[in-house]
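What follows is a single structure, written as structure tokens, with notes after it.
Just so it is clear, none of the values below were taken in a lab; they were calculated from the coordinates. The structure displayed is predicted, hence computed values, not measured ones. Cβ: placed from backbone, ideal geometry, glycine included. Neighbour counts: every protein chain shown.
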Amino acid sequence: MRVSVIVPTYNEADNVVEVIDRLRRALGGQSHEVIVVDDDSPDGTWRLARRHGADDPAVRVIRRIGERGLASAVLDGMAAAEGDALAVMDGDLQHDETVLPEMVRSVLDGGADICVGTRTGESGSFGDRARLRHWLTAAGAALVRRLLPRLRRTSDPLSGFFVVSRGLYERAAPRMSRGLREYKILWAFLARGRDLTVTEVGYDFRPRAGGETKLSGAILLDDLVNALALRLGRAVSPLFVKYCLVGATGVAVSLAVYGVGELAGLPTVSLGITPDLNPIYLSALLGIQASIVTNFLANNFFTFYDRRYRGWGLLGGLMLFQVVSVVGVFVQLAVFQLLHRNGFPTESANADVAAAVNNGIGLAVATVTNFFLNVSITWNRVRRTR
Ligand SMILES: Nc1nc2c(ncn2[C@@H]2O[C@H](COP(=O)(O)OP(=O)(O)O)[C@@H](O)[C@H]2O)c(=O)[nH]1
Ligand SMILES: [Mg+2]
């Protein structure tokens with residue numbers, strides 16, 4: 001088999017049949033297969049694709065159940081593919097399948113590891129109706145090139161249309177983090193290896209034929225974090241990076257509320273838990289509580305967006321998060337006390353510096369503990385993105 005074309009789809013009932021037909025026409029001259037990877041679309045994309053390809057062995061349809069995400073869909077399609085060249089093309093008719101044979105030749109006969117279908121290079125364009133998208137893509141590309149310099153290997157790093165050689169796939173796939181969810185899967189290939197041969201073929205980006213885009217603010221943010229995580233290497237979990245970013249905003253919220261509370265002259269209160277903690281500033285308590293709520297919302301819509309709570313479910317999620325956060329506050333205090341009572345870091349250190357160091361260590365331990373508690377309790381849910 002020379003070429004496998006992976007077509008990830010989610011709610012593409014308006015387009016999938018036409019995409020299959022066009023691919024068959026474009027690749028008619030060589031042995032090929034089309035693998036539609038559909039995430040159990042509510043609009044029945046998988047059913048239409050199956051029916052349409054029923055008497056054509058070159059058309060395969062994978063219906064993934066209980067799984068969502070563009071990157072993992074593409075990887076699952078590649079894992080099932082048999083071709084020497086593995087192509088990825090969107091199922092919304094925005095990519096121009098007529099340049100696919102040239103892209104495939106570049107990999108199979110020209111020896112390229114990756115050939116990218118570009119809207120930016122020679123003979124490529126964004127079409128006339130997509131000015132805003134053009135502008136956003138240019139800005140996004142400039143940003144991700146800074147985060148991940150290896151993306152300079154192509155003029156259009158945000159492209160979702162590309163072909164990789166089987167050799168590169170077999171080398172790169174085992175080293176890819178499954179934790180990277182929505183990211184442009186092309187990046188994971190471009191980021192691999194010291195000397196890749198990357199070529200490109202321009203094409204005219206078309207407006208979406210039917211249906212709607214699945215791109216969202218959460219996915220864009222996710223991709224930026226993922227570019228950073230790819231640069232840092234596998235040791236860093238992108239999920240944890242996002243969790244820490246949210247945590248940093250929580251510190252800001254907490255300080256802001258504390259500041260306002262102090263200006264308003266809020267009193268101190270006694271909780272009667274431990275003498276060391278009395279009296280407590282009411283404004284500090286309010287600040288912590290405010291940051292627990294904003295952290296919950298930010299984590300729900302950003303860090304864990306693919307399994308987010310919705311509607312009334314938000315209340316249940318917030319209650320779990322609240323309990324985990326209070327546990328975290330106690331972990332932080334306990335670590336702090338333990339270190340401080342034992343004279344860490346040194347008996348002679350400046351008291352303020354020692355307190356700051358010990359508080360920092362307490363915060364770090366609590367952050368990691370809370371992260372694992374939140375992953376395994378608060379957001380340990382069946383992914384519900386529909
Ligand atoms: N299997 C699968 N396909 C997806 C998912 N999200 C998007 N897609 C498909 O990926 C392609 C590109 O998505 P699209 O929404 O058009 O993104 P855009 O082109 O950047 O606006 C389309 O064929 C979508 O149907 C997903 O979660 N799972
Ligand atoms: Mg699209």
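Observations on the model:
- Each Cα pair of the range 3-232 feeds into the Kirkwood radius, which the Stokes-Einstein equation turns, at 20 °C and 1.002 mPa s, into a diffusion coefficient of 122 µm²/s.
- Working from the Cα coordinates of the chain, the gyration tensor eigenvalues give, after taking √(5λ), semi-axes of 49, 22, 18 Å in decreasing order.
- P(r) tail fraction, the range 238-378 - alpha-carbon pairs more than 28 Å apart, %: 24
- Here is the P(r) of the range 38-112: all C-alpha pair distances, binned every 10 Å from 0, give 16, 43, 34, 7, 0 in whole percents.
- With Cα atoms, 0 to 90° folded angle of helix 238-263 axis to the chain main axis: 40
- Estimated FRET transfer efficiency (ALA334, ASP43; beta-carbon r; R0 35 Å; 0.05): 0.10
- The ellipsoid equivalent to the alpha-carbon distribution of the range 83-134 has semi-axes of 24, 12, 8 angstrom, derived from the gyration tensor eigenvalues as √(5λ) and listed largest first.
- The residues neighbouring THR197, those whose beta-carbon lies less than 10 Å from its own, together hold a net charge of -1 under the Lys/Arg +1, Asp/Glu -1 convention.
- When only Cα pairs below 8 angstrom with a gap of at least 6 residues are kept, the chain shows a relative contact order of 14 percent.
- Taking every DSSP helix (H) stretch of at least 4 residues in the chain, weighting each as -39,500 (n - 2.57) and dividing the sum by the residue count yields a mean residue ellipticity at 222 nm of -15500 deg cm²/dmol.
- Nearest-ten-degree value, helix 282-298 long axis tilted from longest Cα axis of the chain: 10
- Using alpha-carbon coordinates, inclination of helix 16-27 to the longest axis of the chain, degrees: 50
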